[in-house]
1. Comparing Cys21, Cys122, Cys37, which has the greatest mean-square fluctuation in the GNM of the chain with Cα pairs linked when under 10 Å apart?
2. Starting with the highest mean, order 125-132, 164-171, 51-58 by the number of other Cβ atoms within 10 Å, averaged over the residues of each peptide.
3. Show that you can apply the helix-only estimate: for the chain, add -39,500 (n - 2.57) for every DSSP H stretch of four or more residues, divide by all residues, and state [θ] at 222 nm to the nearest 500.
4. Search the structure for amide H atoms under 5 Å from the amide H of Leu184, placed 1.01 Å from N in the peptide plane, and list their residues when 5 or more places away or on another chain.
5. Roughly what would the spin-label model give for Lys16 and Thr134, points 7 Å off Cα along C-beta, in nm?
6. Over 22 Å apart: what share of the alpha carbon pairs of the range 1-81 falls there, rounded to a whole percent?
7. Would you look at the GNM of the chain, springs on alpha carbons closer than 10 Å, and say which of Phe103, Phe80, Phe61 moves the most?
8. Sort Cys133, Cys28 so that the residue with the fewest other Cβ atoms within 10 Å of its own Cβ comes first and the one with the most comes last.
Amino acid sequence: MPFAQIQYEDIYFDPKVQEMCVSPSFKCPFYGHSWSCPPNSPYLEKVLSRYKEFYLIYSMFDLESYTEKEKERTGRSEFFIKNTFYLTKTFESNDLEKEFEQFLKHYTKGYKKRFLLYDGTCRYCKNQKAGACTFDSGEPCRFPQEIRFSMEAIGIEVIRTVADLRNQLNIDYPSKKFSYRFGLTCFK
C-alpha cells in the first residue's frame with residue numbers, strides 16, 4: 001500500500017494546469033465530455049486548504065519489463081507498446097482504485113469529511129458497470145457523491161508536486177522504468 005502523508009504546502013496549485021487538457025498540439029478526448037474533467041471541473045485550491053490531513057496514494061507498474069516482454073512477444077516497437085499501454089491499459093486498470101481501498105480500509109482516525117482525487121477522467125460509472133459518463137447525453141451525473149476528479153482537473157500540478165516529494169516517497173520520479181499513477185486523499 002504505497003502512500004505518504006504530505007502537507008497542504010507540498011501541493012502545487014496552478015489554474016493553468018486545467019488548461020493543459022486542451023492546447024493547439026493536444027486535446028484530451030475527455031475534455032468537455034465528462035462531469036469530472038475541464039472545463040466542467042472546479043478549481044479547488046481554497047477548498048482543499050480547509051482540509052487537515054493529506055495522503056498521496058500511488059501505484060507503480062514496471063513498464064520497462066512489460067515493454068521488453070511485449071517486444072519479444074509481438075515484435076512491435078517500444079514506441080507502439082508504450083503508447084498502447086498509456087491509451088488503453090492505464091485507463092482500464094483499477095490498480096490505483098485498489099490502493100485507495102486498501103489505504104481507506106486501514107485508516108483508523110476519525111474524520112468529518114474526506115475528499116478523494118484520482119488520476120485521469122472519472123471511471124466510476126464504468127467500474128460500476130453503469131455505462132459511459134452521462135455528460136454527453138445531457139443527463140445529470142449518476143453518482144454525484146462519488147465523482148472522481150483528478151488532481152490535474154482541479155488545478156494541482158502533479159508532476160511538480162511529486163518530483164519535489166520523490167525523496168519522501170522513496171521513488172525515482174520521473175522514471176523511465178516505472179509508470180506511476182497518483183491520487184490524493186484529504187481529510188478534515
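Please treat every number below as a calculation from the coordinates, not as lab data. The shown structure was predicted, so the numbers you read here are calculated from the model rather than taken from an experiment. All Cβ positions, even for glycine, are placed from backbone atoms using ideal geometry, and neighbour counts span all protein chains on display.
1. For the chain, modelled as a Gaussian network with Cα springs under 10 Å, the answer is Cys21.
2. 51-58, 164-171, 125-132
3. -7500 deg cm²/dmol
4. Hits under the 5 Å cutoff: Ile57, Leu117, Tyr118.
5. Going by the 7 Å Cα→Cβ label model, 3.7 nm.
6. 57
7. Phe80
8. The order, fewest Cβ neighbours first, is Cys28, Cys133.
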